[in-house]
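**Q** Below is one structure. I have some questions about it.
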Amino acid sequence: MADLKLFYAPGACSLASHIALEEAGAEFEAVRIDTASGEQRSAAYLRINPKGRVPALAVGETVITENPAILRYVSQRFPESVLWPSTLLEDARCAEWLAFLGSGVHPVYAHVRRPERYATGDAAKADVVETARRSTRELFEMIEARLAERPGAWALGERYSVADPYLFVFWQWGAGAVLGYDMASDFPVSSDHARRMLARPAVARVLAREGLDIATP
C-alpha cells in the first residue's frame with residue numbers, strides 16, 4: 001500500500017498537486033472530496049484537514065496542506081523527477097511562482113467565486129465580484145507578461161517544474177464559467193503553455209481520473 005494519499009476535488013487547485021504526483025511517478029491513492037455537497041466541511045474530512053480545503057496530502061499519519069508545501073514535498077521526495085530546480089536562482093524563482101499563485105492570484109479569484117466569504121448583502125457582494133474580476137484580469141495579464149519573456153518555455157525556462165501544473169490550474173479557471181475569458185485570444189502565451197501541458201501524458205491521466213474534459217486552446 002502506498003503511504004501517500006491525496007485528497008482532491010475535480011478542477012480545484014488540488015489539480016496542481018495531483019499532476020505533480022503523477023509526473024513524479026509516485027504511488028499514491030487519490031481520494032475525491034465532493035465539495036459541491038460540502039464534504040470538505042464534514043467531520044470526517046475536518047479530522048484530516050481542519051481548514052476544510054483541498055488539497056491535503058497524507059504521508060502515513062502526517063498530513064501536509066497547501067499546494068506550495070505539497071509541491072515542494074513531492075519534488076524533494078522524488079528528486080529523480082527533477083520537478084524542482086537545482087540552482088539557487090531558479091530555486092528562488094520557483095518559490096516565487098508558487099507564492100504568487102497561492103497567496104496572490106488564488107485569493108483574488110476566490111473573491112469572484114465566493115463573494116459571500118467577504119461581504120454580506122447583495123449590493124456588497126456584487127461590488128466584491130466586480131472589483132475582483134478587474135483585479136483577477138490584471139493578475140492574469142502579469143502572468144502573460146512573465147511567460148511572454150520566454151515564449152515557448154516553461155515557467156522557469158527550458159526545464160519543466162512544479163510551477164507549471166500550478167499555472168495550469170489558473171489557466172483552466174480563466175477558461176471556465178466563473179471568469180469566462182477568451183484565453184486563446186486574450187492570453188495567447190498562457191494558452192500555448194496550457195496546450196503543452198495538455199499534451200503531457202501525466203496531465204492526461206490526471207484529467208481522466210478527475211473526470212475533466214478540457215479542450216485544447
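The values are calculated or read from the model by the stated rules, or taken from the named source; none is laboratory data. Keep in mind that what you see is a predicted model, and the values were worked out from it rather than measured. Positions of Cβ are backbone-derived with ideal geometry, glycine not excepted, and every protein chain shown enters the neighbour counts. Calculation scope for accessible area: heavy atoms of the full protein, side chains included, ligands and nucleic acids excluded. Shrake-Rupley method; radii C 1.70, N 1.55, O 1.52, S 1.80 Å.
**Q** Looking only at the range 87-111, filter to residues that are without any contact (Cβ under 8 Å) to a residue 12 or more places away in the chain and among the acidic types (Asp, Glu); which one of those is nearest to Gly11 (Cα to Cα)?
**A** Glu96
**Q** Kindly evaluate Thr35 against the criterion of being touching a residue at least 12 places away in the same chain (Cβ under 8 Å), closer than 24 Å to Trp171 by Cβ, within 19 Å of the chain's Cα centre (by Cα) and buried (at least 18 other Cβ atoms within 10 Å of the Cβ).
**A** Criteria met by Thr35.
**Q** Across the range 10-22, what is the number of residues that are under 11 Å from the mean Cα position of the chain (by Cα) and open to solvent by less than 20 Å² (accessible area, probe 1.4 Å)?
**A** 9
**Q** Then there's this: Among all residue pairs at least 6 apart or on different chains, which show Cβ distances below 6 Å where the first residue, located in the range 137-148, is within 13 Å of Ser185 (Cβ to Cβ) and the second is of a type in the set (Val, Ile, Thr) and crowded, with 17+ Cβ neighbours inside 10 Å?
**A** Glu144/Val189
**Q** Here is a further query. Taking the range 69-86 only, how many residues are in contact (Cβ under 8 Å) with a residue 40 or more places away in the chain and either under 19 Å from Leu46 (Cβ atoms) or open to solvent by less than 80 Å² (accessible area, probe 1.4 Å) (or both)?
**A** The number of residues fulfilling the criteria is 10.
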